[in-house]
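The structure appears below as structure tokens.
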Amino acid sequence: MAARKHIVYFEIMGIVEEFNRIIAEQGDIEMTQLAYDMPDDALQAQFDTAVGYQIRGNRTALPEAFSGHRDFIARCPNLLAISTSGAGYEVINVADCTEAGVAVVNQAGTNAEGVAEHALAQMMCLSRQMAQSDKAMRRDRNWVRRDFAGHNISGKTVGIMGMGAIGQTLTKFCKAFGMRILTSHPRLTAEEAARRGAELVPFDELLAESDFVAVAMPRNAETEGMFDARAFALMKPTAFFVTVGRGGIHVDDDLVDALEKGAIAGAGVDVWLVEPPALDHPLLRFDNVLATPHNAGMTWENWIKMAQGSASQWVQILNGERPPRLVNPEVWPHYAERFEAIMGHPVREGDAE
């Protein structure tokens, strides 16, 4: 007997009503919201029939027991796919999913404009000392306007690490200011970098030449700790570090040290290892650090796009189509076998390639 189209979730990030509207239009997809404090037998009854699991991608928003790892997958015998509500998927052990024949999908690109706008806003605010002048205006009158003289971003050089949807959108925005765009990646060709609007250079050269270094990468084994003491030491003392990627790509202590020594001019930090960071986090004591609580992608427009992307992708998955934002494409042959066994019909012809 074929399994029913049953998706379970604890929380859905974005506009839930829009997500539910698209799902409801299909008529044959069942959504069940779970609670973290439900009795284990009640949870297990839902896991037994679930073919889909919708989760938030932020590790601090999901208890470890319900993350997408081997032990959780073992509780869900019919699980075909795990989807995150945003671009991040660090709550999922992709290798465990691939081994089990479970597809991992995200919503990469659906919030690209909002995140890129946030990064650009950080660059502009830092360069023009907006945070410092705002604080001074509210504090006292022991200053003159000249104290907060800044710099134009027009004509400057920005090094963008991560040339996915966010990085390419930020590139488009920066080009409107006549900025030179650099990027670095071990597997990106110069031709492909140029197609995405950037000049490919070695990492050290990017650090040395950029007036702004913007991070828009996921955290993984390659990127974790990439921005450490050595990296910050290579940057210009007049340069700014901006990150809308993930916490852990930069080393907090090394960034603090670089700021204390004046090795860089300031930083815009939207992502943290622990979110939100503690009130006594050392980065929060600097006036030249623009701190935001991982809300670069949190706009009403982005929430609608993420909800639409999540729901529409589930419709494709449960109809046997290859999802457009498949994180682990190598899973597809194993997934296709499991899909047919569980759903009672094969994936659509042409999508099993």
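Size of the dipole of the chain about the Cα centre, Lys and Arg at +1 and Asp and Glu at -1 on the beta carbon, nothing else charged, in debye to 20?
So the dipole magnitude of the chain works out to roughly 1380 debye.
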Solvent-accessible area of Thr299 with every protein chain in place, 1.4 Å probe, in Å² to the nearest 10 = 40 Å²
query = For the Cα atoms of the chain, what angle does the longest principal axis make with the long axis of helix 332-343, in degrees from 0 to 90, nearest 10?
reply = 40 degrees
message = To make sure I understand the rule: partners must be aspartates and glutamates, Cα under 13 Å from the Cα of Lys156, and not fewer than 8 residues away in the same chain. Which ones qualify?
response = Glu209, Asp211
ask   = What full-extension length gain, to one decimal in nm, is calculated for Ala194 and Ala341 as 0.36 nm per residue of separation minus the Cα-Cα distance?
value = 48.5 nm
inquiry  = Accessible area per residue for region 89-167 in Å², computed with a 1.4 Å probe and the full protein assembly in place, what is it?
reply    = 47 Å²
inquiry  = Nearest 10 degrees is fine. How inclined is helix 165-175 to the longest principal axis of the chain, computing both from alpha carbons?
reply    = 30 degrees
query = Quick one: how many Å² of Val251 are accessible to a 1.4 Å probe, rounded to 10?
reply = 50 Å²
ask   = How far, in degrees from 0 to 90, does helix 112-127 lean away from the longest principal axis of the Cα atoms of the chain, to the nearest 10?
value = 20 degrees
inquiry  = How large is the accessible surface of Ile23 in square angstrom, using a 1.4 angstrom probe and rounding to the nearest 10?
reply    = 10 Å²
task = Work out the length of the dipole vector of region 96-163 about its Cα centre, built from +1 on the beta-carbon of each Lys and Arg and -1 on the beta-carbon of each Asp and Glu, and round it to the nearest 20 debye.
result = 780 debye
message = Checking the cross-link filter: which lysines have an alpha carbon closer than 21 Å to that of Lys261, excluding same-chain neighbours under 8 positions apart?
response = Lys236
message = Within 10 Å of each candidate Cβ there may be at most 13 other Cβ atoms; applying that plus a DSSP loop requirement, which chymotrypsin sites (Phe, Trp or Tyr not before Pro) in region 1-43 survive?
response = Tyr36
task = Arrange the peptides 253-266, 211-224 so that the one whose residues have, on average, the most other Cβ atoms within 10 Å appears first.
result = 211-224, 253-266
ask   = Which residue, chosen from Gly297, Trp314, Pro346, occupies the Cα position most advanced towards the positive end of the dipole of region 297-352, where the dipole is computed from +1 (Lys, Arg) and -1 (Asp, Glu) charges on Cβ about the Cα centre?
value = Gly297
note = With +1 at each Lys and Arg Cβ and -1 at each Asp and Glu Cβ, the charge dipole magnitude of region 175-304 around its Cα centre, to the nearest 20 debye, comes out at 360 debye
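The values are calculated or read from the model by the stated rules, or taken from the named source; none is laboratory data. Nothing here was measured: the structure is a model prediction, and the numbers come from that model. Positions of Cβ are generated from backbone atoms using ideal geometry, with glycine treated the same way; all protein chains shown enter the neighbour counts. Surface accessibility is based on the protein's heavy atoms, side chains included, excluding ligands, DNA and RNA. Shrake-Rupley method; radii C 1.70, N 1.55, O 1.52, S 1.80 Å.
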